[in-house]
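Report on one structure; see the data block that follows.
The values are calculated or read from the model by the stated rules, or taken from the named source; none is laboratory data. Everything numeric here is computed off the predicted structure, so don't read it as measured data. For neighbour counting, all protein chains shown are included, and Cβ atoms are generated from backbone atoms with ideal geometry for every residue, glycine included. Please note that ligands, DNA and RNA were not included when accessible areas were found on the heavy atoms of the full protein model with its side chains. Shrake-Rupley method; radii C 1.70, N 1.55, O 1.52, S 1.80 Å.
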Amino acid sequence: MFLEIKTTLFTFNTLITMVVRRFLLKEINRFRRENGKGNLHFHEAESKNAQRHSEHCARIGKNRHTDWPLGHNFNTELVSEINPDHKPEERARITINGFKSSTEGHREALLDAREHVAIGEKNGHTTVRLKT
């Protein structure tokens, strides 16, 4: 019985992560279209790396840029930490709004990105990787 509950919780957490990542991609592309840019496409392989980075940040309780390598020709990483109690769509909106209002190059990176985006998310810790 305990094993079944644990498996169900893992599946539920994985589903939440997938939903948040989908909403993040939707919000990124909405922002890009509003600024005359084309949509970015989800890069599955690099998103696995971004996901591991987000899980690591959630485990240590803070976001870091420098402790996880970028791969697949991705050269820009944006990280965010928000309260994970928000619904998935709201988590995505808050995260991307934070990037959009940043004065440290986050907005520009989202607009300058080429072709693909990699996204990881765990308990409010978001990693977005771009090719700029």
Filter result (closer than 16 Å to Asn123 by Cα and touching a Ser or Thr at 6+ places or on another chain (Cβ under 8 Å)) within region 21-72: Arg21, Leu24, Ala50, Gln51, His53, Ser54, Cys57, Asn63
For region 23-61, which residues satisfy the criterion of being in a loop (DSSP other than H, G, I, E, B) and under 15 Å from the mean Cα position of the chain (by Cα)? Leu40, His43
If you go through region 64-76 one residue at a time, do you hit one that is within 12 Å of the chain's Cα centre (by Cα) and at negative phi? no
Within region 90-113, count every residue that is touching a strand residue (DSSP E or B) at 6+ places or on another chain (Cβ under 8 Å) and not in a helix (DSSP H, G or I). 1
Count of residues meeting criterion [charged (D, E, K, R), out of contact with any helix residue (DSSP H, G or I) (no Cβ under 8 Å at 6 or more places or on another chain) and open to solvent by 60 Å² or more (accessible area, probe 1.4 Å)] in region 86-132: 7
Identify all residues within region 38-85 that are open to solvent by 40 Å² or more (accessible area, probe 1.4 Å) and in contact with a Gly (Cβ under 9 Å, 6 or more places away or on another chain); write none if there are none. Ala45, Lys48, Arg52, Glu55, Glu81, Asn83, Pro84, Asp85
Using beta carbons and a limit of 8 Å, which pairs, at least six apart or on different chains, have the first residue in region 118-132 and acidic (Asp, Glu) and the second one open to solvent by less than 10 Å² (accessible area, probe 1.4 Å) and in a strand (DSSP E or B)? Glu121/Thr127
